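Report on the following structure.
The values are calculated or read from the model by the stated rules, or taken from the named source; none is laboratory data. Source: prediction; values computed, not measured. A quick note on method: Cβ atoms are made from the backbone with ideal geometry, for glycine too, and the neighbour counts reach across all protein chains shown. Protein only, heavy atoms only, side chains kept; ligands, DNA and RNA dropped before computing areas. Shrake-Rupley method; radii C 1.70, N 1.55, O 1.52, S 1.80 Å.
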Amino acid sequence: MITKLIVQGFKGLREFNIQPGHVNLVIGANGTGKSNLAELVRFIARLPRDGLKYTMNDMGGENAIRTRQGTGAPFKFHVEFEATQDAARGIESIVYGFELTQSKGDLRVSREWLRAVVYKRKAGRPKAQDYPLFDAQLPVELTYERSGERINHLSEDLKRLEPDFANIETDALILSAFGQAGELKTITDFVGSWRAYNIDAALAKLVLGRGDIELSANGDNLVPFLIRVLGDPSIRQSLLTQLREPVPYIRDIRPEFGPAFHTLKFSEADSGNEFQLSDMSDGTVRLLGLFAIFLQKAPPAVILLEEPENALHRYAISRLLELVYHVATREKFPSQVFLTSHSPVVADEVLRADKLLDKQFKSCCFISQRDKISIVAAPTKTIQAIANNIGRPSEYLRDGDMGDDPLRLLNTQQNGE
């Protein structure tokens with residue numbers, strides 16, 4: 001679980017330093033950076049697989065990635081995170097970060113650092129969830145510090161790679177250049193699993209995507225993904241159980257294979273009528289995808305959902321967030337969850353559930369704003385306003401200006417005005 005996230009210079013996220021919890025709600029007016037947070041999650045997750053240069057170019061290039069600065073402003077780009085124990089994924093602790101500088105128009109890694117303790121992998125094939133087993137009694141320390149092209153410090157376990165580190169390119173990161181070497185793979189697997197989703201039911205119905213290993217960010221491959229997921233009897237039963245609560249008329253879901261494309265067929269519990277995916281409501285399709293994300297045996301270590309309330313009935317939102325809290329607080333393969341939302345229903349559910357949590361777990365509420373500090377912990381008065389059902393979060397967060405509106409509204413309510 002990420003315990004600290006520090007960023008400077010990424011898109012509209014000019015600068016922030018937050019300490020997230022198990023479930024995190026991010027609210028704020030339009031245009032204040034909530035979507036940029038989703039892009040940040042995708043950016044970091046791609047670094048181990050695609051490298052810094054290709055990732056930045058594929059996401060629109062340097063000018064699309066970094067915060068736009070005024071003429072003559074110093075160049076700033078800093079990403080850093082800390083993570084705590086995740087035994088199932090082989091992690092005891094991680095501190096990782098890097099800074100970029102610009103020289104003659106080219107981006108260079110000016111600093112990079114890694115301080116981590118991971119567990120030794122056990123021999124043998126991965127289990128059914130495709131994750132190796134780790135031995136928590138055999139911790140491995142990984143330390144790496146670099147300034148420009150100079151390696152300042154290496155732990156013993158990494159010294160065998162020292163000759164190769166000396167040749168690392170100026171725009172390369174250790175997680176991409178050496179992420180498959182030894183125990184570094186444990187860290188790259190953890191970081192590379194982070195995902196941000198904004199499932200589009202219309203795209204899902206068109207069955208555009210073909211991969212079935214993981215669900216794409218917009219859900220265009222929902223059909224092949226679900227066909228694979230439904231092939232596991234235990235997941236299939238859990239998925240149907242979850243879906244029948246908010247959509248009780250659904251009896252079964254099964255794949256339908258056609259000559260040109262595959263789809264899903266739904267059957268009704270009372271009439272026995274059958275419907276294809278294209279006939280289902282957007283809310284049902286979107287809910288199905290969201291449930292499937294969390295019901296995987298080893299879901300992503302970090303999951304960000306953009307506006308999960310879209311097209312969902314209030315009861316469906318409640319059921320989804322119950323599952324979110326279950327997965328975020330379970331012992332094996334937990335997922336840390338971020339929710340970006342305008343919905344007072346989502347805010348209410350997060351705050352309500354937070355009161356029921358054991359003290360070892362916590363929820364956090366953050367506000368995105370168009371200011372130097374672009375994401376901040378929500379002030380107590382803002383949380384009180386949400387808890388008292390005083391309007392939508394966006395109604396008293398104008399362009400990131402927290403102002404006195406929540407406090408004024410609370411005083412008005414208390415004075416009976």
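Do the conditions hold for ARG89, that is, is it in contact with a helix residue (DSSP H, G or I) (Cβ under 6 Å, 6 or more places away or on another chain), surrounded by fewer than 16 Cβ atoms within 10 Å (Cβ to Cβ) and either β-branched (Val, Ile, Thr) or in contact (Cβ under 8 Å) with a residue 40 or more places away in the chain (or both)?
So ARG89 fails the test.
Selection within region 61-84: residues that are crowded, with 16+ Cβ neighbours inside 10 Å and in a loop (DSSP other than H, G, I, E, B). The member of this set that is modelled with the highest pLDDT is PHE77. Residues in region 10-50 that are open to solvent by less than 10 Å² (accessible area, probe 1.4 Å), more than 17 Å from ALA64 (Cα to Cα), modelled with pLDDT of 90 or more and not β-branched (Val, Ile, Thr): PHE16, PRO20, GLY21, ASN24, LEU25, ALA45.
A quick yes/no check of all residues on (1) open to solvent by less than 60 Å² (accessible area, probe 1.4 Å); (2) under 19 Å from the mean Cα position of the chain (by Cα):
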residue: HIS342; (1), (2): yes, yes
residue: ALA347; (1), (2): yes, yes
residue: ALA353; (1), (2): yes, no
residue: SER363; (1), (2): yes, yes
residue: ASP371; (1), (2): no, no
residue: SER374; (1), (2): yes, yes
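Looking at region 182-253, the helices (runs of 4 or more DSSP H) lying wholly inside it that each contain 2 or more residues that are open to solvent by less than 50 Å² (accessible area, probe 1.4 Å), closer than 22 Å to ALA38 by Cα and at pLDDT 95 or above sit at 184-192. Does GLY21 satisfy the criteria of being of a type in the set (Gly, Ala, Ser), touching a Cys at 6+ places or on another chain (Cβ under 9 Å) and at negative phi? Yes. Among the residues of region 286-308, the one identified as buried (at least 23 other Cβ atoms within 10 Å of the Cβ) and either without any contact (Cβ under 8 Å) to a residue 12 or more places away in the chain or of a type in the set (D, E, K, R) (or both) is ARG286. The set of residues in region 309-318 being open to solvent by 40 Å² or more (accessible area, probe 1.4 Å) and touching a Pro at 6+ places or on another chain (Cβ under 8 Å) consists of HIS313, TYR315. Kindly indicate the residue of region 254-272 that is modelled with pLDDT under 90 and in contact with a Ser or Thr (Cβ under 9 Å, 6 or more places away or on another chain) and also surrounded by the fewest Cβ atoms within 10 Å (Cβ to Cβ) among those meeting that condition. So, considering only residues that are modelled with pLDDT under 90 and in contact with a Ser or Thr (Cβ under 9 Å, 6 or more places away or on another chain), the one surrounded by the fewest Cβ atoms within 10 Å (Cβ to Cβ) is PHE257. Taking the criterion of being part of a loop (DSSP other than H, G, I, E, B), open to solvent by 40 Å² or more (accessible area, probe 1.4 Å) and either hydroxyl-bearing (Ser, Thr, Tyr) or closer than 17 Å to GLY51 by Cα (or both), the residues of region 150-169 that qualify are ASN167, GLU169. Check whether at least one residue in region 319-336 is open to solvent by 10 Å² or more (accessible area, probe 1.4 Å) and assigned to a strand (DSSP E or B), and report yes or no. Scanning region 319-336, I find no residue that is open to solvent by 10 Å² or more (accessible area, probe 1.4 Å) and assigned to a strand (DSSP E or B), so the answer is no.
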